[in-house]
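Report on the following structure.
The values are calculated or read from the model by the stated rules, or taken from the named source; none is laboratory data. As the structure is a computational prediction, the values presented were derived from the model and not from experiment. Cβ coordinates were reconstructed from backbone atoms using ideal geometry, including for glycine residues, and neighbour counts include every protein chain displayed.
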Amino acid sequence: MARHFLTLHDYTKAELDNMLTLAVELKHKQKQGIKHRLLKGKTLAMIFDKSSTRTRISFEVGIYQLGGHGLFISSGTSQMGRGEPVKDTARVLARYCDGIMVRTFGQEIVDELAAYSSVPVINGLTDLYHPCQIMADIMTVIEHKGTYEGQKFAWVGDGNNMANTWIEAAAIFGFDLALACPKGYEPDASVMAWAEGTAPGRVTLTSDPHEAVRGADVLNTDVWASMGMEAEQQERQLAFSGYCLDDALCGLAHPDHLVLHCLPAHRGEEISDSVIEGKHSQVWDEAENRLHVQKAIMVTLMGDQ
């Protein structure tokens, strides 16, 4: 039976650490020009219900560097856009390809694909979780801090898929996470309950961004209105007033803090231009590390064992 990568909590800390170690090794090989065709001849179906820059390019480049081939599939130009059941798509693609990556809306779509697929399914993003991104973020922290252990992480902004996955990560990896979200925009309640049951006290939630950021080693944020929420933009701008990662707010963090953002960024809203371009920002290393982490995930799931 194929093993999938749908959420972080499907894996143990040791398993995720192994993926991160592999990602670092693969990055080193690429930088040294060492060929690493670990998935030679393998194919990855890449399903997109949402537009993409980093997810599409990093997976497509990644599978190519591993010696395989990626197939871009837009739901709007395939039979999925005409109502073909997810389970039918899963069973057919599994007959053609060695793996499936999907970037979509509901987590139930990814779960159903996995339930009916005989090859690994990778969650490239849903409205509930974004596990590939958080793995890249943690890899970036390891590169610049030496370890994620003992670091205090802060999330400022919407309780969205990124916030939910950071909560998972804190509980699994064992670091402290403080989230600051406006009232009514908190993370998923079931995710919070799971984290509290798994690692009590690791995750705290407040509506005060100053409280969350104070003394933090790693600061994170994301757009206030994710894809599909554009109609709420004006309402959210009012609700998130004071939640911008600007120089004043970041000045409360540890003097040697890192700033992360999964991109795309709305400069002047959730993050200031001076911060994203400043000395604490590691946003570009973070974006690059999507490539290396996803290669490690594909090798782990799709490689010859």
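Worth pointing out:
- Taking the numbered list (1) at pLDDT 95 or above; (2) over 15 Å from MET298 (Cα atoms) in turn, GLN65 passes all entries but (2).
- Selection count, the stretch 103-122, where residues are of a type in the set (Ser, Thr, Tyr) and either surrounded by 22 or more Cβ atoms within 10 Å (Cβ to Cβ) or more than 16 Å from MET1 (Cβ to Cβ) (or both): 2
- Of all the listed residues (VAL119, VAL141), the sole one being among the aliphatic types (A, V, I, L, M), more than 22 Å from ILE57 (Cα to Cα) and not in a strand (DSSP E or B) is VAL141.
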